[in-house]
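Worksheet: one structure, shown below.
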Amino acid sequence: MYYSSSNDASTSNLPYTSSTGNAASQKVTLTRYLSSLVQEQPELRELESLLLSVSMACKTISNLINRGNINQQTPMDRSNMQQNSMTKLDQLSTQVLRNALRFTGKVSTITPARDNPNQTSEKLEQVVRYDDGPSEHQPGVLIASAIDSKYVAFFDPLDGSGNADATIATGTIFGMFEQNNIQPNHQDIPMDKDLDSDLSDVLQPGKNLRAAGYCLYSSATILVFSVGDGTHGFTLDPQLGEFVLTHPSIRIPPRGTIYSCNEANSEAWPIEVQTYLSALKTGNNQSMKKYTQRYVGSMVGDIHRTLMYGGIFFYPPDQGLHPRGNLQLLYKSAPLAYLVAQAGGDSTNGETSLLDVSPERVHVRSPCFIGSPEDIQEMKTYISHEQ
């Protein structure tokens, strides 16, 4: 491999180059990195094509978001502008991913529909809030089934799209499984009629993932992924138009001093979680340090910061709108938990590791706790009454 083996995140802003030649020409691009990886592990060749198509789509989505942020409308139009631009960005991001995947000539894509397009808006709102349908901001979740390969992939094209007009971080989340022959005993939401796939291929626990990652669209565009050999980050170099290795072998700090959650929901959380939150805020915890709250509202943004600085991200169940949590297990919590685990972190739904849970449906929701191993272990002592 032609990159530094350092695990020190403090040096991750430096370009990683080979030991010879001009530094600018020796940056390790994603294409070069994957090519070298496949030379060492030929069984990853089919994943290489999928990952490169994802990176191609992410470059385009990044450009769309940056262009969309400079569009100006009058204040009177702002409420409609936000909804229209979110919808447009969601649709464009979904289409970009579909096109990039089909461009490989190796996959067909299917799109989980909303639970029932014939439902009234009132009933649909109930499905979104209390059952397991996609929310208003993520209707375009994709599943890509390889034609001549053993892999199936899934995508959340634009996580946090509601933040896009405020120029706050958004992201694309993806994961890849090997196909299997398990036949579930339940029916899922309808798929595009011109494409076929067995949904059981993606209804697997996160520990079965062969690859997972996210692309963060923020002050920089960063692609972070793992194929089971650690977690690595690539930053989009606007001059090269390529993703360049900048964060090799990321390691999450064992403990952090930041917690990330939607504290507005805290009064409806289980009392054990409220007690844990109080311990973080007062410093009456194992580290004897007060934690600072940081919450973006885009899961990719919050997890990326947690991965870099340590701490804990959580979205517990509550007695109000989210009795089973508000984050989808398959295409949000599980792939991000996998990445954090590959970087030395941990996760749980409050009872078991997020990576051990098989989703019953594509859009099933789950409580979510992801972060530094010591923070997760301490949180468990509150949830399990072991204090």
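Every read-out reported here was derived from the displayed coordinates using simple, explicitly stated rules and does not represent laboratory data. Here the structure is a predicted model, which means the values were calculated and not measured. As a convention, Cβ positions derive from the backbone with ideal geometry for all residues, glycine included, and neighbour counts pool all protein chains shown.
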What would the Debye formula give as log10 I(q)/I(0) at q = 0.10 Å⁻¹ for the alpha-carbon point model of the stretch 258-383, no solvent?
-0.26
Quick shape check on the stretch 231-305: root eigenvalues a ≥ b ≥ c of the Cα gyration tensor, a/c under 1.5 is rounded, otherwise prolate if a/b tops b/c, else oblate, and it reads prolate
For the stretch 248-340, what is the relative contact order in percent, using Cα pairs closer than 8 Å and at least 6 residues apart in sequence?
37
Given 0.36 nm per residue, what is the gain on full extension from Thr104 to Arg251 after removing their alpha carbon distance, in nm?
49.7 nm
Would you mind ranking Glu267, Glu272 so that the residue whose beta carbon has the fewest other beta carbons within 10 Å leads the list?
Glu267, Glu272
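So what is the relative contact order of the stretch 300-355, in percent, for Cα pairs below 8 Å that sit 6 or more residues apart?
Values: 36 pairs, mean separation 12.4, N = 56.
Across the stretch 300-355, relative contact order equals 22 percent.
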For the Ala220, Thr381 Cβ pair and Förster radius 51 Å, calculated FRET efficiency rounded to 0.05 is 0.85
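So if we plug the beta-carbon distance of Asp229 and Arg324 into 1/(1 + (r/R0)^6) with R0 = 45 Å, what FRET efficiency do we get, rounded to 0.05?
Numbers: r = 33 Å, r/R0 = 0.74.
In this case the efficiency is close to 0.85.
Determine the alpha carbon to alpha carbon distance for each of Lys88/Lys290; Lys59/Lys150; Lys59/Lys332; Lys88/Lys207; Lys59/Lys380; Lys332/Lys380 and list only those over 31 Å.
On the way: Lys88/Lys290 41 Å; Lys59/Lys150 26 Å; Lys59/Lys332 21 Å; Lys88/Lys207 34 Å; Lys59/Lys380 39 Å; Lys332/Lys380 21 Å.
With Cα atoms farther than 31 Å apart: Lys88/Lys290; Lys88/Lys207; Lys59/Lys380.
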Note down the nm distance, to one decimal, between modelled labels 7 Å out along Cα→Cβ at Gln91 and at Glu360.
3.4
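Order by neighbour count: Ile252, Ile370, fewest other Cβ atoms within 10 Å first, most last. Working shown, then result.
Numbers: Ile252 27, Ile370 30.
Going from sparsest to densest Cβ surroundings: Ile252, Ile370.
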Label-reachable residues, the stretch 299-318, where backbone N falls under 20 Å from a point 7 Å from Ser266's Cα toward its Cβ:
299, 302-303, 306, 310-318
Stretch Gln293-Gln39 to full length: gain in nm at 0.36 nm per residue minus the Cα-Cα span?
87.1 nm
